[in-house]
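Remarks on the structure that follows.
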Amino acid sequence: MTTARPTLAAEHRDVTGKAVARLRHQGRLPAVVFGHGIASTNVTLDAHGFELLRRRIGPNALIDLSIDGKKPKPVLIHGVDVHPVTHRPLHVNLFLVRMSEELTVDVPIVPVGESLAVSQLGGTLVHDIDSVKVRALPDHLPQVFEVSIEPLVDFDAVLRARDLAIPPGVTLLTDPDEPVIHVLAPRVEEVAVPAEAAPAAGAPAEGAPAVAASSEGTASGAG
């Protein structure tokens, strides 16, 4: 059973440059639709609707985009410019795909499970890389690679790109021997040994023979 793709409605726009700020105040999000062999098209999206959609789909999810109510076409979110303070989207690039043409994308890596080297040996889980590069047809693009970290039982164990579950129809482009996740041993801090206290004034040094006080040689007061 094929899962229905999420949909997105867009409208053509003639406004460009700084004038798009007015569109944002009206709740519209400027966007550009582009692809191989087609002219770029300036459109606007419902800003709130786009934000809700972006939160529930993966980075490589296909979206059926309809412009001015016309027949939907599959697109990928190619990039989102966000405000540096509010982090709200300011502009979106939508890539119009050809379903018969393979694409190269980055797929995030998500660790699952528990590592004994972390839970029992006090190590720190280290992501050597956050994603791997793959090639596949648009409707075969993975959204995420989940990898079990249970094999990381000590500080010598390493998960590599070849350990990821690559589905049929997807080609791994990242070097299969590339380290993906390992566990860093806890840092052992050297404890400084305090120097032995110096002997008190007049006290014999350790190992020196004690000298007894003598009254011999004391001058007599007898005349």
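Taken together, the values in this text are just the output of simple stated rules run on the coordinates, not laboratory data. Everything quoted here is computed from the prediction, not taken from an experiment. We place every Cβ from the backbone using ideal geometry, glycine too, and count neighbours over all the protein chains shown.
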Review point. So what does log10 I(q)/I(0) come out to for the stretch 113-153 at q = 0.27, 0.33 Å⁻¹, using the Debye formula with one equal point on every Cα and no solvent?
Key: -0.96, -1.17
Check your understanding: Can you put Phe95, Phe34 in order, fewest other beta carbons within 10 Å first?
Key -> Phe34, Phe95
Check your understanding: Hey, if you drop one equal point scatterer on each alpha-carbon of the stretch 92-133 and run the Debye formula without solvent, what base-10 log of I(q)/I(0) do you get at q = 0.18 Å⁻¹?
Key -> -0.71
Practice item. Provide the packing ranking of 79-86, 103-110, i.e. peptides ordered by the mean count of other C-beta atoms within 10 Å per residue, highest first. Key: 103-110, 79-86
Review point. Quick one: Debye curve from the C-alpha atoms of the stretch 49-114, no solvent, what's log10 I(q)/I(0) at q = 0.19 Å⁻¹?
Key: -0.91
Review point. Looking only at Cα atoms, what is the convex hull volume of the stretch 1-158 per residue, in Å³?
Key: 162 Å³
Practice item. Please give the FRET efficiency for Ser66 paired with Val110, using the beta carbon to beta carbon distance and R0 = 22 Å, rounded to the nearest 0.05. Key: 0.10
Practice item. Diagonalise the Cα gyration tensor of the stretch 103-184 and give the resulting equivalent ellipsoid semi-axes, square root of 5 times each eigenvalue, largest first, whole Å. Key: 26, 11, 9
Point to revise | Dimensionless Rg/Rh of the stretch 7-96 - Kirkwood Rh, Rg from C-alpha atoms | key: 0.93
